[in-house]
Amino acid sequence: MFKTGLKTKIKSFLAKRQEAKIKDYGFLEPKIWDLETKGSNLTIENFVFTELAENYGTPLFIVNAEKTRKNAQEFLSGFKKNCKDFEAFFSYKTNPVPGMLRIFHEEGFGAEVTSEYELWLALKLGVKPEKIIFDGRAKSIESLKTAVEKQIRLINIDSFEEIEKLKELTQNQKIDVGIRLQTAKSWKGQFGFTLVEAVLALKKIKETKNLNFAGFHFHLGTSIKEFKKYLQNLEDIFAFASEIRASLGLETKILDIGGGFGVPQVRQFTTDEQEISERFGIPFLPPENTKNPTCEDFAKIIGKKISELSTKTKIFPKILAEPGRIVSSSAQFLLLKVVETKQRKQKIAILDGGINIAAPLRGEFREAFVANKMDFGQREIYKIVGPTCNPGDVLYAAKFFPKLEVGDVLVVVDAGAYFVSYANSFCFPKPAIVVVENGKNYLSRKKETFDYLNLNDFE
Ligand SMILES: Cc1ncc(COP(=O)(O)O)c(C=O)c1O
């Protein structure tokens, strides 16, 4: 049942969307993702998606190396043009696939890690310690020990407990630290220090011989498309940095602005909208603006504000950012095959992969194409579900597609952020990952085998 008071909202929503159920509003253009159509086939860098599906099997993730590079360059050049002193660190949790991470590092990105595993992975991939930032709210002693021993660039401290751990671990070695701030606009709760707590934390850091205070870190959230949040937050941080300089004599040399930059062609659903779509089979509408904000838009506005605040406060920090989805989302695709169709109240298509490997589809609109039916005529509304025995395994509650048949291959675009990192082995092994690069395609990760899934079990 809907919450009370929602009825009027539903009525106006339904009136607006009534048309959407009858009229096909079309789809986002494949060229947004640098894809092309050849006859009835969708292609990526001259490779036909269905042939890749045939060669490697489905479900299958495909990384577009060229698009990854392009996104990385756009982000760096956008910010470098607008912030004098700038560095980017790719958020490993967003997509920890070495085939993609390698490209970000080749393009000059460092690594933002949040766990012992991610720190290990960055070092294993050859990332220089000075290009690693360590965030995270429950850093293990082991991971902190490695971070100190390897002399990584920055540990962003999240709690008083962490200061104590670091005090122990830095008896003989110095390390640069930042502190994560909770501001009016940032994620709160379990993350970082409130401004009042931060003053106490900074006093402790100052008293601790081998902890060098470098600066502040914040992360505002994810899928942010309006700039207001960043601007207000920067004002708060610079004001706080001024206070700290005056009261404790601590200089802010680094400002780590986190990630959170939204992808224009991906839209978060409201919970009401999700419920309505599921109950009435009304398709979600794509975002109205699929072009902005770009990396350059974020960079321009944030850069301008920082330079204004620096002039005002005489604080000139180096700016670090930890982008995730804005640089990786559009560079990876998920291929899924139709394994069964059913006619119930709605037309239903069952795919060979579901929410187990495509978790973000539960809350966010993403376009999807039928790779072998790009020359379609009329489309119909389908409910697209995964293969697992879970009623929540719904990828699209209602979406227009050409007539679907067993064997058709769906390409879910924007599968490069939080798909692989949230994927699990619920009922099915996790898929392979293939990279398409310079006219070649190659395996970046093997599909999990049954033996692999069973490897650590005692019988
Ligand atoms: C501390 C931190 N930095 C960066 C990111 C990357 O966020 P996004 O993918 O929204 O850019 C996250 C994501 O949760 C995060 O927690």
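Numbers for the structure displayed
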item	result
Cα-centre dipole for the range 303-459 with unit charges at Cβ (Lys and Arg positive, Asp and Glu negative), debye to 20	740 debye
Calculated FRET efficiency for the pair Glu459/Glu226, C-beta based, R₀ 41 Å, to 0.05	0.15
Pairwise FRET efficiency - Gln268 versus Lys21, Cβ, R0 = 22 Å, nearest 0.05	0.50
Set of aspartates and glutamates with alpha-carbon distance to Lys167 below 15 Å, sequence-local pairs under 8 removed	Glu142, Glu149, Asp158, Asp176, Glu207
Exceeding the 28 Å Cα-Cα cut-off - candidates Lys291/Lys373; Lys225/Lys399; Lys145/Lys203; Lys38/Lys80; Lys225/Lys342; Lys347/Lys440	Lys38/Lys80; Lys225/Lys342; Lys347/Lys440
Fraction of beta bridges assigned by DSSP in the chain that are antiparallel (%, nearest 5)	50 percent
Nearest-0.05 FRET efficiency for Asp297 and Glu380, computed from C-beta distance (R0 51 Å)	0.85
Percentage relative contact order, the range 66-328, counting C-alpha pairs under 8 Å, at least six apart	23 percent
Within the range 273-316, trypsin sites (Lys or Arg not before Pro) in DSSP loop having at most 11 other beta-carbon neighbours inside 10 Å	Lys291, Lys314
Euclidean distance between Cα centres, the range 211-262 to the range 274-306, Å	24 Å
Entries of Lys337/Lys430; Lys229/Lys383; Lys253/Lys305; Lys174/Lys304 with Cα pairs more than 24 Å apart	Lys229/Lys383; Lys174/Lys304
Distance in nm between pseudo-label sites at Lys150 and Tyr422 (7 Å out along the Cβ direction from Cα)	2.7 nm
Among Gly392, Phe298, His217 the positive-end extreme of the charge dipole of the chain (Cβ point charges)	Phe298
Rounded, prolate or oblate (a/c below 1.5 giving rounded, otherwise prolate when a/b exceeds b/c) for the range 414-459 by Cα gyration tensor	oblate
In range of the label at Lys204: residues from the range 168-191 whose backbone nitrogen is under 20 Å from the point 7 Å along Cα→Cβ	168-183, 188-191
Exposure proxy ranking, count of Cβ atoms within 10 Å, fewest first, for Thr68, Thr388, Thr252, Thr8	Thr8, Thr388, Thr252, Thr68
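No lab work stands behind these numbers, since they all come straight from the coordinates. Quick caveat: nothing in here was measured; it's all calculated off a predicted structure. Reconstructed Cβ throughout: ideal geometry from the backbone, glycine too, with neighbour counts over all protein chains shown.
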